[in-house]
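Single-structure report; data block below.
The values are calculated or read from the model by the stated rules, or taken from the named source; none is laboratory data. In this text the structure is predicted, and so the values were computed from the model without any measurement. Note: ideal-geometry Cβ built from the backbone for every residue, glycine included; neighbour counts use all protein chains shown. To get the accessible areas, we keep the full protein, side chains included, count just its heavy atoms, and leave off ligands, DNA and RNA. Shrake-Rupley method; radii C 1.70, N 1.55, O 1.52, S 1.80 Å.
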Amino acid sequence: MSTFKTIDNLDVAGKRVLVRSDLNVPMHDGKPSDTTRIDRSAETIRDLAAKGAKVIILSHFDRPKGKVVPEMSLKPVAEAMASALGRAVTFATDTIGDSAKAVVAAMKDGDVAMLENVRFHAEEEKNDPEFAKKLAQLGDIYVNDAFSTAHRAHASTEALARHLPAAAGRLMQAELEALGNALEKPQKPVAAVVGGAKVSTKMEVLGNLSKKVDMIIIGGGMANTFLFAQGHDVGKSLCEKDMAAEALKIIADAAANGCEIVLPVDLVVAAEFAAGAANKVVGIDGIPADMMALDVGPATIADVEKRLARCKTLVWNGPFGAFEIAPFDKGTNAAAQAAARLTREGKLLSVAGGGDTVAALAHAGAADDFSYISTAGGAFLEWIEGKTLPGVAALEG
Ligand code: ADP
Ligand code: MG
């Protein structure tokens, strides 16, 4: 990530500004059932309209696979956007056709319009240059506000940026700034928490982070694989035994990079994966053959809290245990609350992301206090894997 333009660097007054938002919201009975994405995306649109731009919103919705699917129209989303903005949003019933052209031609400065689902055209997901050119004819400036789709090179997220002056919207800007502060130029020491079910899904995350952070604190099911690799018996625990060699290699590579891999020192075990299952705390050599580790134990929590207190920056992906089933949410809750408290006290910059991680931090009541929580899912993961996101690269100048 280098430099990218923002709305502040552009003169948008009187210009037609194509804004790519991610308005792929959950829908129930033909209406958005959760408007978080719409509300958050509204900021950029409001900002541009206030500056006198003609704001034309582009988004995908669901997976119509290149065909017009009436149930996947953005029309109800345009109506919800109008409510969020408190002003009219004109809807074009196509994306690059007569309706789109007529709607855009009729706009006055400060007006807002939305075009139909970009994925009604198969060319969108193919990053087709001709389709991008047709989109570009509808605008003078391109603003990408959809970090969550930036890991895909699609016409409205990548090719379009090459046809028009391009900048990051407010949401994209906030995401890039938060992520940059956490991994590009962080205050040290930097800790990463990596948890979740399987080490096989987090190999690239671990590899990249071990080059960038001072310690990786490992929890969740994947900790079992590391413990098994080090010769501990893990009983019936979730464990990828065929990943043992890779786990040892991660530890060795991390050590060579000056990064410490921190594993649990005690665990909470139960005979079954079920809420309220009878459980006990054991040392890492005490997992009974007929039981499974479902959370980290109190000594591990104390160790994690002590380590976080010494760090200035934290990147978090993956829960410490099976947080969906109490009481195996304790480790995740305690660590999340410790990070939240340190952040509130101004001692820690904390950035987190990942589908289950967002849910786990909300469950712990810690979400509001983290410096930044990315809801971008796949794009966040690819970013912590150190990959170039095409939608972001296209904005770099
Ligand atoms: P994210 O979506 O944030 O990247 P993951 O999908 O990698 O996170 O991991 C989340 C899942 O890991 C949760 O469903 C949780 O129940 C599971 N998990 C965590 N610890 C354990 C464990 N010790 N045993 C079994 N499953 C676990
Ligand atoms: Mg997950």
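Give me a comma-separated list of calculated 3J(HN,Hα) values for region 63-71, in order, Karplus coefficients 6.51, -1.76, 1.60 applied at θ = phi - 60°, integers in Hz, x for any Gly or Pro.
Listing the rounded values in order: 10, x, 6, x, 10, 6, 10, x, 5 Hz.
For the chain, what does the convex hull of the Cα positions come to per residue, in cubic angstrom?
Measuring per residue, one finds 145 Å³ for the Cα hull of the chain.
Tell me, what is the Rg over Rh of region 186-384, with Rh the Kirkwood radius over Cα pairs?
0.94
Using a probe radius of 1.4 Å on heavy atoms only, what accessible surface per residue do you get for the chain? Whole Å² is fine.
Per residue, the chain has 41 Å² of solvent-accessible surface.
Tabulate in residue order the Karplus-calculated ³J(HN,Hα) for region 207-220, using 6.51 cos²θ - 1.76 cosθ + 1.60 with θ = phi - 60°, rounded to whole Hz; enter x for Gly and Pro.
Result, ordered by residue: x, 5, 4, 5, 8, 10, 10, 7, 8, 10, 9, 9, x, x Hz.
Rounded to the nearest 500 deg cm²/dmol, what is the calculated helix-only ellipticity per residue at 222 nm for the chain, with -39500 (n - 2.57) per DSSP H run of length n ≥ 4?
-10000 deg cm²/dmol
Given a Förster radius of 25 Å and the C-beta distance between ALA309 and LYS185 as r, what FRET efficiency does 1/(1 + (r/R0)^6) yield to the nearest 0.05?
Plugging the Cβ-Cβ distance into 1/(1 + (r/R0)^6) gives 0.65.
Could you give the longest part of the chain that holds none of the trypsin sites (Lys or Arg not before Pro) found in DSSP loops with at most 15 neighbouring Cβ atoms within 10 Å?
127-311
Ignoring ligands, DNA and RNA, what percent of the accessible area of the chain is carbon or sulfur (1.4 Å)?
51
Can you say what percent of the DSSP beta bridges in the chain, counting only those with both residues inside, are antiparallel? Round to 5.
Antiparallel bridges: around 25 percent, rounded to the nearest 5.
Of VAL282, VAL304, VAL143, which is the most mobile in a GNM of the chain whose springs link Cα atoms less than 10 angstrom apart?
VAL282
Taking region 130-247 as the region of interest, what is the percent of Cα-Cα pairs per 10 angstrom bin, listed from the shortest bin to the one with the maximum distance?
Spelled out bin by bin, region 130-247 gives 12, 28, 23, 20, 13, 4, 0 percent.
Give me a comma-separated list of calculated 3J(HN,Hα) values for region 122-130, in order, Karplus coefficients 6.51, -1.76, 1.60 applied at θ = phi - 60°, integers in Hz, x for any Gly or Pro.
In residue order, the calculated couplings are 4, 5, 4, 6, 8, 6, 5, x, 5 Hz.
Quick check of the Kirkwood formula: for region 7-170, what is the inverse mean of 1/r over all pairs of different Cα atoms, in Å?
Kirkwood hydrodynamic radius for region 7-170: 15.3 Å.
Pop out the Kirkwood hydrodynamic radius of region 226-266 from its pairwise C-alpha distances, inverse of mean 1/r, in Å to one decimal.
Final number for the Kirkwood radius of region 226-266 is 11.0 Å.
Report, by chain and number, residues whose modeled amide H sits under 5 Å from the one on ASP140, excluding near sequence neighbours (fewer than 5 apart, same chain).
Those lying under 5 Å, H to H, from ASP140 are ARG16, VAL17, LEU18.
Where the centre of each part is set by its Cα atoms, how far does region 42-97 sit from region 168-222, in angstrom?
33
Taking 37 °C and 0.692 mPa s as the conditions, I'd like the Stokes-Einstein D for region 300-361 in µm²/s, using the Kirkwood hydrodynamic radius from alpha carbon pairs.
Stokes-Einstein gives a translational diffusion coefficient of 280 µm²/s.
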